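Undergrad: What follows is a structure written as structure tokens; I'll ask about it next.
The values are calculated or read from the model by the stated rules, or taken from the named source; none is laboratory data. If you're wondering where the values come from, they're calculated on a predicted model, not measured in any experiment. Backbone-built Cβ (ideal geometry, glycine too); neighbour counts: all protein chains shown.
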């Protein structure tokens with residue numbers, strides 16, 4: 001049996017794994033799905049949220065586990081698990097990128113090329129007055145994140161989204177072959193994703209080779225669209 005640490009993406013919280021975690025636990029695995037700083041029930045002010053604080057929280061969670069964990073990052077969570085892998089590599093058995101950003105050393109979400117002209121995220125972002133965070137237009141949330149998810153799940157999830165700090169999206173990851181580079185990594189691509197275009201997912205997992213690469217015919221939130229299938233894939237890693 002394995003220990004899974006599940007890291008959510010932008011605007012979300014640990015709650016997004018609520019259907020997947022019990023399925024993994026049913027099969028005997030240990031599952032931890034923390035809230036990152038400023039998300040879910042965590043009280044950190046959005047203005048104080050940074051990539052460094054995200055990665056530190058993940059490393060703290062990993063340090064509390066009795067064994068090296070399978071570290072899963074969804075969407076923006078991919079950036080975070082990459083930096084955590086550099087900072088505390090001995091606590092990680094495998095990295096799993098779930099329709100997630102997989103950045104090379106020195107890259108940030110904002111400098112990633114080629115640009116994602118298909119994504120519905122940027123056209124629907126609403127900046128806060130101070131320019132330090134953003135939300136997604138309420139009328140676009142379902143199409144962006146939950147297009148193929150059950151209506152009840154989509155409605156409940158949308159009500160729990162929080163403003164997303166922009167600093168982690170502009171911060172570059174710093175990695176090395178000695179730390180991040182030595183950890184096995186897998187990628188789960190979502191072929192109907194409207195938040196991170198499938199062609200960009202392929203670019204990322206080709207540039208930084210992943211094995212295996214698993215395909216799911218879902219939109220951006222397979223933890224609601226196909227939780228049983230997702231849990232089955234994770235159990236094989």
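Undergrad: For the stretch 144-164, how many residues are over 22 Å from residue 38 (Cα atoms), in contact (Cβ under 8 Å) with a residue 24 or more places away in the chain and surrounded by fewer than 17 Cβ atoms within 10 Å (Cβ to Cβ)?
TA: Here the count works out to 1.
Undergrad: Just to be sure I understand the filter: pairs with C-beta atoms under 7 Å, separated by 6 or more residues or on different chains, first member in the stretch 214-234 and on the phi < 0 side of the Ramachandran plot and free of Cβ contacts under 8 Å to residues at least 24 places away in the same chain, second member surrounded by 18 or more Cβ atoms within 10 Å (Cβ to Cβ) and not in a helix (DSSP H, G or I). Which pairs pass?
TA: Here the result reads 226/216; 226/218; 229/216, each pair linking the stretch 214-234 to a residue that is surrounded by 18 or more Cβ atoms within 10 Å (Cβ to Cβ) and not in a helix (DSSP H, G or I).
Undergrad: Also, quick follow-up: For the stretch 165-194, which residues satisfy the criterion of being in contact with a strand residue (DSSP E or B) (Cβ under 8 Å, 6 or more places away or on another chain), within 21 Å of residue 215 (Cα to Cα) and free of Cβ contacts under 8 Å to residues at least 60 places away in the same chain?
TA: Within the stretch 165-194, just 191 meets the criteria.
Undergrad: Among the numbered criteria (1) within 18 Å of the chain's Cα centre (by Cα); (2) surrounded by fewer than 14 Cβ atoms within 10 Å (Cβ to Cβ); (3) under 30 Å from residue 89 (Cα atoms); (4) at pLDDT below 95, which one does residue 122 miss?
TA: It fails just one condition, (3).
Undergrad: Further question: Identify, please: which residue in the stretch 1-18 is over 16 Å from the mean Cα position of the chain (by Cα) and in a loop (DSSP other than H, G, I, E, B) and is, among those, modelled with the highest pLDDT?
TA: Checked the stretch 1-18; the qualifying residue modelled with the highest pLDDT is 2.
Undergrad: I would also like to ask the following. Quick check on my filter: what residues within the stretch 195-213 are assigned to a helix (DSSP H, G or I) and touching a residue at least 12 places away in the same chain (Cβ under 8 Å)?
TA: Here is the first cut: in the stretch 195-213, the residues assigned to a helix (DSSP H, G or I) are 198-207.
199, 200, 201, 202, 203, 204, 205, 207, listed by residue number.
Undergrad: Regarding residue 73, is this residue under 26 Å from residue 196 (Cβ atoms), touching a helix residue (DSSP H, G or I) at 6+ places or on another chain (Cβ under 9 Å), outside any loop (DSSP other than H, G, I, E, B) and modelled with pLDDT of 95 or more?
TA: Yes.
Undergrad: Shifting gears a bit: Just to check your reading of the model, which residue among 66, 43 is over 30 Å from residue 197 (Cβ atoms), free of Cβ contacts under 8 Å to residues at least 60 places away in the same chain, assigned to a loop (DSSP other than H, G, I, E, B) and over 18 Å from the mean Cα position of the chain (by Cα)?
TA: None of the other options fit; the residue is 43.
Undergrad: Can we say residue 123 is out of contact with any strand residue (DSSP E or B) (no Cβ under 6 Å at 6 or more places or on another chain), farther than 20 Å from residue 49 by Cα and free of Cβ contacts under 8 Å to residues at least 40 places away in the same chain? Explain how you work it out, then say what you get.
TA: Values: out of contact with any strand residue (DSSP E or B) (no Cβ under 6 Å at 6 or more places or on another chain): yes; farther than 20 Å from residue 49 by Cα: yes; free of Cβ contacts under 8 Å to residues at least 40 places away in the same chain: yes.
Considered against the rule, which asks whether it is out of contact with any strand residue (DSSP E or B) (no Cβ under 6 Å at 6 or more places or on another chain), farther than 20 Å from residue 49 by Cα and free of Cβ contacts under 8 Å to residues at least 40 places away in the same chain, residue 123 comes out as yes.
Undergrad: Continuing with the same structure: Restricting to the stretch 70-113, give me the number of residues that are surrounded by fewer than 21 Cβ atoms within 10 Å (Cβ to Cβ) and touching a strand residue (DSSP E or B) at 6+ places or on another chain (Cβ under 6 Å).
TA: 2
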